[in-house]
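Participant: Structure provided below as structure tokens; questions to follow.
The values are calculated or read from the model by the stated rules, or taken from the named source; none is laboratory data. Predicted, not measured: the structure shown is a model, and the values here were computed from it. Don't worry about glycine lacking a Cβ; one is built from the backbone with ideal geometry, like all the others, and counts go over all protein chains shown.
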């Protein structure tokens, strides 16, 4: 007995990513990155409470080139998660579901995140 031909659902080889799906994945990824960043913050605070040797080790890592790259990434993750979260609040209220508006607000969220990240780092380097 032959089985009926079942419909083939789209898969990664034929599915074209849309801005909404990419930003949804990025929102989840930035949430994970923020969790990891929180663990580093806890490590830094515990090191500060433990004494000068432990603090120097933590500060040495955070101040290193790799640490600065991670901090820059965590800053972007924070601002993107914030901006995209505001976008989700509007969706919860029932606004912004039209495709052009959804694409525009997604682009605004990415642009605002990049701008806020750069602005905060510029201000931090000017102050320090």
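Participant: Output the number of residues of the stretch 116-128 satisfying the condition of being over 14 Å from the mean Cα position of the chain (by Cα) and without any contact (Cβ under 8 Å) to a residue 40 or more places away in the chain.
Facilitator: Matching residues across the stretch 116-128 total 9.
Participant: Given (1) part of a helix (DSSP H, G or I); (2) more than 23 Å from residue 122 (Cβ to Cβ), identify the lone condition not met by residue 33.
Facilitator: (2)
Participant: Could you list, in sequence order, the residues of the stretch 112-128 that are surrounded by fewer than 11 Cβ atoms within 10 Å (Cβ to Cβ) and assigned to a helix (DSSP H, G or I)?
Facilitator: Listed by number, the residues that qualify are 122, 123, 125, 126, 127.
Participant: For the list (1) surrounded by 14 or more Cβ atoms within 10 Å (Cβ to Cβ); (2) within 17 Å of residue 37 (Cβ to Cβ); (3) without any contact (Cβ under 8 Å) to a residue 60 or more places away in the chain, I need the number of the one condition that residue 84 fails.
Facilitator: (3)
Participant: So for the stretch 7-21 (the condition being in contact with a helix residue (DSSP H, G or I) (Cβ under 9 Å, 6 or more places away or on another chain), in a helix (DSSP H, G or I) and either at pLDDT below 95 or surrounded by 11 or more Cβ atoms within 10 Å (Cβ to Cβ) (or both)), does at least one residue qualify?
Facilitator: Within the stretch 7-21, one or more residues are in contact with a helix residue (DSSP H, G or I) (Cβ under 9 Å, 6 or more places away or on another chain), in a helix (DSSP H, G or I) and either at pLDDT below 95 or surrounded by 11 or more Cβ atoms within 10 Å (Cβ to Cβ) (or both).
Participant: Looking only at residues that are free of Cβ contacts under 8 Å to residues at least 24 places away in the same chain and surrounded by 12 or more Cβ atoms within 10 Å (Cβ to Cβ) in the stretch 96-111, which one is nearest to residue 77 (Cα to Cα)?
Facilitator: For the stretch 96-111, the residue satisfying everything is 105.
Participant: Under 8 Å by Cβ, and 6 or more places apart or on different chains, what pairs join a residue from the stretch 48-67 that is touching a residue at least 60 places away in the same chain (Cβ under 8 Å) and on the phi < 0 side of the Ramachandran plot with one that is part of a helix (DSSP H, G or I) and surrounded by 12 or more Cβ atoms within 10 Å (Cβ to Cβ)?
Facilitator: none
Participant: Restricting to the stretch 42-70, name every residue that is over 21 Å from residue 23 (Cα atoms) and surrounded by 13 or more Cβ atoms within 10 Å (Cβ to Cβ).
Facilitator: Those that are over 21 Å from residue 23 (Cα atoms) and surrounded by 13 or more Cβ atoms within 10 Å (Cβ to Cβ): 43, 44, 47, 48, 54, 55, 57, 58, 59, 61, 62, 67.
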